[in-house]
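Colleague: Please see the structure below; I have some questions.
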Amino acid sequence: MCHPNSDTTTDDATDGCCDSTAQDTAADRGADYWLGEATLDQQLPAELQTALGRFVGVESVETLADWAEQIRQQVGGGAIDVEQLCHTDEDTVHWGVVDGERYSFQCFYDAVILAALEAEPVALHTVSPDGVAIEAHVVESEELSVTPDTAVFSLGIASDAGERSGGTPTLQDGYAAICPYVKAFPDREAYEAWAGDVPAATVAMPLSGATAFARALTREENDG
């Protein structure tokens, strides 16, 4: 997921944003974390609260709403627009289509943010880490209609992100620490198989509710 309001060009973003380079694995983590729905006031797993807190220099980041607020603070609190997403001219597996125009992204979740920004219907496409194609449609920023209907998505952060950032992360720190752990999966079991092998604190929830967090990221600071 790419942060808005950066001066990063497409070439720069490719270097740090949503890098698809394979990460070192840490087997037997047992990262079986799950939120039944993507409501903003749900408590995140304790490990994820702590990892996010260390990354931004606070004691903990307790909910999805708190996470969205921290991301917005890191980028100055401004609203995200379509031009500020992590676009690419290359062929990627992450894209959204609005009114016949296709937007390709470095990161899966930018297509979800696109859906939160647009009043027109949006068709989304991505591919899970194990190669399964996942499609979604959204109208007026409401819940996604997804195929397969069991699809889920993850949010997460590298276990050593706080050590890298020292509590004062740069945008590139965010790209490197967060983007590799924002993925879509055909079902919860596929997420759990992936999460147990990545060096990160993660959580997953149904993909159908993914726009709730996206809307929090695109809201103006004074929108409440």
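The values are calculated or read from the model by the stated rules, or taken from the named source; none is laboratory data. None of the values given here were measured: they were computed from a predicted structure. Note: areas computed on protein heavy atoms with side chains; ligands, DNA, RNA excluded. Shrake-Rupley method; radii C 1.70, N 1.55, O 1.52, S 1.80 Å.
Colleague: Amide H to amide H under 5 Å from residue 152: which residues, 5+ apart in sequence or cross-chain, H placed 1.01 Å off N in plane?
Modeller: 185, 187, 207
Colleague: Once ligands and nucleic acids are excluded and a 1.4 Å probe is used, how much of residue 170 is accessible, expressed in Å² to the nearest 10?
Modeller: Per-residue accessible area (residue 170): approximately 80 Å².
Colleague: Residues of the stretch 136-180: accessible area per residue at 1.4 Å, in Å²?
Modeller: 44 Å²
Colleague: Then there is this: So, with a 1.4 angstrom probe, what is the percent of accessible area on the stretch 87-152 that is carbon and sulfur?
Modeller: Carbon-and-sulfur percentage of accessible area, whole number: 45.
Colleague: Let me ask something else about it. Starting from 0.36 nm per residue, how many nanometres of slack lie between residue 82 and residue 193 once their C-alpha separation is accounted for?
Modeller: 36.7 nm
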